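Step one of this worksheet: look at the structure below.
Quick note: the coordinates plus some simple rules give every number you see, no bench work behind them. Please read these numbers as outputs of a predicted model, since none were measured by experiment. Counting neighbours? That spans all protein chains shown, and the Cβs are built from the backbone with ideal geometry, glycine included.
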Amino acid sequence: MWHITKREIYDNLNSLRFALTTVLLLALMVTNAVKHLREHPKRVQRYQDAVTESLSHLTDRANDSLYTLAQYGPGNFYKKPSPLHFCANGGEPLLPDAVEVDEPPVFMTDAEGNRLLEGIWSLSYPDANLHNKDVGPKVSQVDWAFIIGSILSLIALWFTFDAFSGEREHGTLRLMLANSIPRHTVLIGKFLGALLSISIPFALAVLVNLLLISTASTVHLTTEAWGRLGIIFAIALLYTSLFVALGLLVSARVQQSAVSLMILLLTWVTLVVFMPSTLASIASSFSPAVSFDEFWQQRNPIEEDLWDKYKEGLWSSELDNRKLRAKSEFYTENAEREERRQEEQLKYRTSQVHRARAITGISPATLLQHLIEGFAGTGFERHLQFAENTQRYTRQLREFVADTDRADPESLHILAVPEGMSKKPISPDAVPRFEDTLNLSKDFNTAAMELLLLTLFVLVLLSGAYLAFVRVEV
Amino acid sequence: MMLTLIRRELLDNLMTFRFAVAVFIMLLLVVANTAVLIKDYERRLAGHKTEVQKSREYMLEGKTYSVAELNIDRPPNPLSIFNTGLDKRLGNEIWVYYGHVPTLWDAEKHSSQNPFMNILSSIDIVFIFEGVLSLLALIFAYDTLAGEYERGTLRLVLTHSVSRGHILLAKYISAMVCLLVPLLMSLILAMFLLTTSPSFSLSTPDFLRIGGIMVASIAYLSAFYLIGMLISAMTRRTSTALMLSMFVWGFLVLVYPNMIVAVIQPSNPPEERRASVHNHIKQIWEEFERERKHFLATDTHLEGDPYGNMRWRGGYNFEHFQDKASVLQYYYYAGAEIDGFHEEPESEALHVQNYHRFLVPLIIDTAEHTWRVRKPVLEELFILPATVDRSWLRLTPTGIYDIATQALAGTDLNGMQDFFTAVQQHRQSVIDYYYDKNAFASRQWFSSDKEVVDWSALPQFSFQRSDISINVKRALPDLFLLLTINIVLFIGIFLIFVRREV
């Protein structure tokens, strides 16, 4: 078997296609690295500026008093740019990069503009990044996901379309099988040969790419990032073997290599280019636009409802604990409801996207895209993780505020109203800080299904190739 | 002789497996995707209708002129099915305010649809043609000369008294006829689907535009066939020709367009320029603010706050500077809606009316002034890089084809700009209407105590997509370029083939 593999590799190394492949992959990977080095520092800078500003808000508020912190909350939250952005862009420009902290609503002012009823902050999820005003032509990003998903798969077919049909045309297949080699050994030999010959230029290109990126002083890759890169490389090989298997399958069944290439190319176009977009369009037709009536019903029913509920407490004439408690409950419930409404909308939209992603997952190219996004820490799942992180932090911060207030003996312990809460400034260092983290094991969990599906695709195609080759007449 | 040659080639091509596959795959992809795209268009149209109704409702809610919410929603272009272009990508909701000249960059996406869905890839018919037509053309072309050479039939043909040019022409014509079958069949089926859908109302110019797209498709197909033929003429073996064809296809269709846009760097960083112009615009508005303050200070009745001396019963007022540095958006926004007053404020009201008679024309003038500053910079910041990208894309037939069909469908940048120019004109007519009604100096500008604004007489917005002749004019340079590529390739093939030893 090793003999066959070796022969295949030697054959390929000397061919025109090997040279062209190397040049092509190198050019793409260098482009990718240069682009990343050009853009990533700016992205990180933008993020850091935003975080600094947001932190200064938090510090100011903490320095002012506990109540100010409870009323205005922390500054906005920003999504940390992934150092592996060059692996997958993940539609990042179309996703929001922040979760916002809404200003406290003012329910009522008097004639002089003094705020009589003033609520507390709540989380809100902005729609999309509105800075995206690109009027340039529509192109795919040259990231790893594109290079592997479109180019490498095409190369895999390019290397395998004549694996059997070419040998049959030359008559060497009969010669080879005249020896006492079982057919499955021939198949595995061919498979490994093709996979290794593609891996050589690909690994070379990846190395050059990573060399460029890791030697630059502006980008720093952690150990975890290297681990993620290793996983992405393994996924790339798995994906390539899928197309190698497909190439072998068709090549074994078809008599002429030209016909084999034609079938393979058209299959490739369907699988990689059209299926993701067509399925996405089909999937989005399951999520219709909001109609006018629906919109009208959703419009602002919260406040009126709450007004009725707390009317009596809020309007009692003297300023006693009962009124304060009513105010506190009113503010808290208003913020909670506002947040719940926002969360529900997010959930609804997320479920639509998840359904669409599940449908497009029939295409291996989309599976690969999702997997690389998942491990590179970009894209939709990452956005959800970020939103979850902010929610967790919000709970933490609110608990912190309640605990600190409890520690102050002068306070009435009625949260969210100025008269009922601690007015002392607190040390900004004691306030918990938001940290946007990525979790590798969590990424594995979300990716497990897709990984399994991709492996299944490979196995099915490989066994298909085996069956086809075993039964074929030479 | 020519006819015999053509007939032979035709029969050769028609009876092959690849012809059957070509027809099948084209029909499958185009019909399936057209059905999906029609659904998608209907959904976008429904979203547009919701938005129109919503903005009408918002407009009617405003009781005074100064708080008017005049939103305009951009309808989806039915021809975006053929080439989406910028139709889906750019904002479709634009706010018309007398104190700011609306542009494409001020438009937002309306909220009727799930914005997350934008991360999914989208498709259109031209995209299918770009990928599949070129591939089919190369598959038909790679062995047309190399194959005959390999089999030795080329020598046989040339022993007759046929000129080499005739052979080339016959091969070209017959292959094109064969390739046109799947193209035309799929287009006709797509048109059939379009006409059966109730939400599409295509006019005669629209059909002419689709005809233009068809012509562009044929030119594109022919360009790729000629590329394949060139490769076939240069190589001696079909397998080499096939290998090279596929590489060229992958490079031209897949690699080059994506790579070139990533490679070319914007020459000078626009950030500084943006910041300086943003400051300039800010200064213009600060100048305005000084004049406004000055006016308020000189009027003893107003004492710095236009509504300060009036005792309201209810209502609200607001004023602030809207600031979005990324698109150089900066303007003064103020409004008031006062429901009633505690005491009859006749004389006070006259002063406030006087203030607005002075202020609003000043706002409009300042807006015009900033627009003159903003317009060239917006073009430099956003349109110029996009134009550079496009001209680099013109180096491949795929890029030219895409640009030409966008222009024909009206989903290119010019088509989008047409809409925003119409919105700007609409803003002007609203301002003229205000002047006619003397709205700024009226009491309804800020208060609804006496009379609520009657919105029914406000000029209606209407937008007609540009005339077909303009679309064709925009597409013509690229169509011409595509044609030139065809001719150059043909001449190249001829020269190579004539000198070739058989």
Worksheet item: With each pseudo-label sitting 7 Å past Cα toward Cβ, what's the B:Glu368-B:Arg151 distance in nm, one decimal?
Response: 7.5 nm
Item to complete: Starting from the Cα gyration tensor of the protein assembly as shown, take the square roots of the eigenvalues, sort them a ≥ b ≥ c, and report rounded, prolate or oblate (rounded when a/c is under 1.5, otherwise prolate if a/b is larger than b/c, else oblate).
Response: prolate
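With a/c under 1.5 counting as rounded, go ahead and sort chain B into rounded, prolate or oblate using the C-alpha gyration tensor (a ≥ b ≥ c being the square roots of the eigenvalues; past the cut-off, prolate if a/b is larger than b/c, else oblate).
Values: a/c = 3.91, a/b = 2.69, b/c = 1.46.
Because a/c hits 1.5 or more and a/b exceeds b/c, chain B counts as prolate.
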Discussion item. Based only on other Cβ atoms within 10 Å, what is the fewest-to-most ordering of B:Ser326, B:Ser222?
Written reply: B:Ser326, B:Ser222
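Please arrange B:Leu194, B:Leu145 by how many other C-beta atoms lie within 10 Å of their C-beta, fewest to most.
Numbers: B:Leu194 22, B:Leu145 29.
Result, fewest neighbours first: B:Leu194, B:Leu145.
Between A:Gln256 and A:Ala178, what FRET efficiency follows from the Cβ-Cβ distance if R0 is 30 Å, with the result rounded to 0.05? Don't skip to the answer; put the middle values down first.
Numbers: r = 22 Å, r/R0 = 0.74.
For A:Gln256 and A:Ala178, the calculated efficiency is 0.85.
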Worksheet item: For chain B, with the dipole built from +1 on Lys and Arg beta-carbon atoms and -1 on Asp and Glu ones, taken about the Cα centre, which of B:Thr103, B:Gly228, B:Leu413 lies farthest toward the positive end?
Response: B:Gly228
Fill in: the protein assembly as shown, dipole about Cα centre (Lys/Arg Cβ +1, Asp/Glu Cβ -1), debye to the nearest 20
5480 debye
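When the dipole is taken about the Cα centre of chain A, and only Lys, Arg (+1) and Asp, Glu (-1) are charged at their Cβ, what size is it in debye, to the nearest 20? It would help to have the intermediate numbers written out before the result.
Values: 44 positive and 53 negative charges, 533 e Å.
Roughly 2560 debye for chain A.
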Worksheet item: Under 5 Å between amide H atoms, partner at least 5 residues away or on a different chain: which partners does A:Phe107 have, H built in plane at 1.01 Å?
Response: A:Leu117, A:Glu118, A:Gly119
Discussion item. Report the Cα centroid-to-centroid distance between the stretch A:50-94 and the stretch A:432-462 in angstrom, as an integer.
Written reply: 27 Å
Practice prompt. Just name one of B:Ser245, B:Ser201, B:Ile6: the one whose Cα is farthest towards the positive end of the charge dipole of chain B (beta-carbon charges, Lys/Arg +1, Asp/Glu -1).
Written response: B:Ile6
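I'd like the FRET efficiency for A:Thr215 and A:Ala430, computed as 1/(1 + (r/R0)^6) with the beta carbon distance as r and R0 of 35 Å, rounded to 0.05. It would help to have the intermediate numbers written out before the result.
Details: r = 41 Å, r/R0 = 1.17.
Between A:Thr215 and A:Ala430 the formula returns 0.30.
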Worksheet, complete the sentence: If unit charges are put on Cβ atoms (+1 for Lys and Arg, -1 for Asp and Glu) and the dipole of chain B is taken about its Cα centre, the option from B:Ile81, B:Ile363, B:Leu45 lying farthest towards the positive end turns out to be B:Ile81
Item to complete: Please turn the phi angles of the stretch A:348-360 into ³J(HN,Hα) values with the Karplus equation 6.51 cos²θ - 1.76 cosθ + 1.60 (θ = phi - 60°), one per residue in order, whole Hz, x for glycine and proline.
Response: 4, 5, 4, 5, 4, 5, 4, 4, 4, 5, 5, 5, 5
Worksheet item: How high is the relative contact order of chain B, in percent, counting Cα pairs under 8 Å that sit 6 or more residues apart?
Response: 25 percent
Worksheet, complete the sentence: Taking r as the C-beta separation of A:Arg115 and B:Glu69 and R0 as 22 Å, the FRET efficiency to the nearest 0.05 is 0.30
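Report the Stokes-Einstein translational diffusion coefficient (µm² s⁻¹, integer) for chain A, Rh taken as the Kirkwood radius over Cα pairs, at 20 °C with viscosity 1.002 mPa s.
Details: Rh = 26.3 Å.
For these conditions, the coefficient is 81 µm²/s.
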Worksheet item: Taking amide H positions as placed 1.01 Å from N in the peptide plane, with prolines and chain starts having none, which residues 5 or more places from A:Asp143, or on another chain, fall under 5 Å of its amide H?
Response: none
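Pulled fully out, how much extra length does the chain show between B:Glu272 and B:Ala297, if you take 0.36 nm times their separation in residues and subtract their Cα-Cα distance?
Working: separation 25, 0.36 × 25 = 9.00 nm, distance 3.67 nm.
Result for the pair: 5.3 nm of gain on full extension.
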Worksheet, complete the sentence: Sorted by chain and then number, the residues having a modelled amide H within less than 5 Å of the amide H of B:Ser447, at least 5 places away or on another chain, are B:Ile338
Practice prompt. Between the alpha-carbon centers of the stretch B:397-471 and the stretch B:25-76, tell me the distance in whole angstrom.
Written response: 16 Å
Discussion item. Tell me whether the stretch B:213-362 comes out rounded, prolate or oblate; compute the Cα gyration tensor, take square roots of the eigenvalues as a ≥ b ≥ c, and use a/c under 1.5 as the rounded threshold.
Written reply: prolate
Worksheet item: Just counting partner chain Cβ atoms within 10 Å, what average do the residues of peptide B:84-94 show around their Cβ?
Response: 2
Worksheet item: Could you give the nm distance between label points at B:Leu384 and A:Asn321, where each point is 7 Å from its Cα heading toward the beta carbon?
Response: 6.9 nm
Worksheet item: Once you put a point 7 Å from the Cα of B:Leu208 and another 7 Å from the Cα of A:Trp226, both along the Cβ direction, what distance in nm separates them?
Response: 6.6 nm
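For n ≥ 4 DSSP H runs only, could you compute -39500 (n - 2.57) per run for chain A, divide by its residues and tell me the 222 nm figure to the nearest 500? Walk me through the numbers before you get to the answer.
Details: 16 runs with 310 residues, N = 474.
After summing the helix terms and dividing by residue count, I get -22500 deg cm²/dmol.
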Item to complete: Convert each backbone phi in the stretch B:148-156 into a coupling constant with the Karplus relation 6.51 cos²θ - 1.76 cosθ + 1.60 (shift: θ = phi - 60°), then list the ³J(HN,Hα) values in order as whole Hz, x for Gly and Pro.
Response: 5, 5, 4, 6, x, 6, 5, 4, 4
Discussion item. Could you give each residue of the stretch A:329-336 its phi-based ³J(HN,Hα) in whole Hz, using Karplus coefficients 6.51, -1.76, 1.60 with θ = phi - 60°, and x for Gly or Pro?
Written reply: 5, 4, 4, 5, 5, 4, 5, 4
